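Please read the structure below before turning to the comments.
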Amino acid sequence: MQIFKICPYSEWAEAQKENIYRGSATDKRDGFIHLSTSAQLATTLTRHFPNENGLMLIAIEPDRLGEALKWEEDSAGNSYPHLYGDLPFSAVTWTSTIPLKSPGVYKLPPRAFATTSSPVRN
């Protein structure tokens, strides 16, 4: 299983300088890093990043996060992964840009829906 973080490219580029992702302003406000499953990606994009260009998809191996990863329900009863702490790059399996094809329509890479993850490629 893979889980994902969606963030602006500029935010990810800054994290790469430190080799750790500390979360977005929203994550910091809420006290955890918001993550999504592959089934939740479309909803997350349309709800939190409507028509935004320059987004990155960060694939994460959840087993590498240990007890800092919690599955919690939202107000609608959907279970979302939340990371209580920084995202170590050792948990990242791959990254990809998320192109905006047309208003409100994003192109996600097919490997976001694969059952196994692949190593990071530079």
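Can you tell which of 79, 102 is without any contact (Cβ under 8 Å) to a residue 12 or more places away in the chain, among the polar types (S, T, N, Q) and within 21 Å of residue 31 (Cα to Cα)? First the steps, then the outcome.
Details: 102 fails: within 21 Å of residue 31 (Cα to Cα).
The unique qualifying residue is 79.
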Go through 97, 93 for me and flag whichever is in a strand (DSSP E or B), closer than 14 Å to residue 3 by Cβ and either touching a Lys or Arg at 6+ places or on another chain (Cβ under 6 Å) or touching a residue at least 24 places away in the same chain (Cβ under 8 Å) (or both). 93
Tally of residues being among the small types (Gly, Ala, Ser) and surrounded by fewer than 12 Cβ atoms within 10 Å (Cβ to Cβ) across region 57-78: 4
Just name the residue that is surrounded by the most Cβ atoms within 10 Å (Cβ to Cβ) out of those in region 35-44 that are over 8 Å from the mean Cα position of the chain (by Cα) and of a type in the set (A, V, I, L, M). 41
Top-ranked residue in region 1-34 [being more than 14 Å from residue 48 (Cβ to Cβ) and among the hydroxyl-bearing types (Ser, Thr, Tyr); ranked as surrounded by the most Cβ atoms within 10 Å (Cβ to Cβ)]: 21
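Every number in this text was worked out from the coordinates using simple rules, so none of it is lab data. Since we're looking at a predicted model, the values are computed, not measured. Note: ideal-geometry Cβ built from the backbone for every residue, glycine included; neighbour counts use all protein chains shown.
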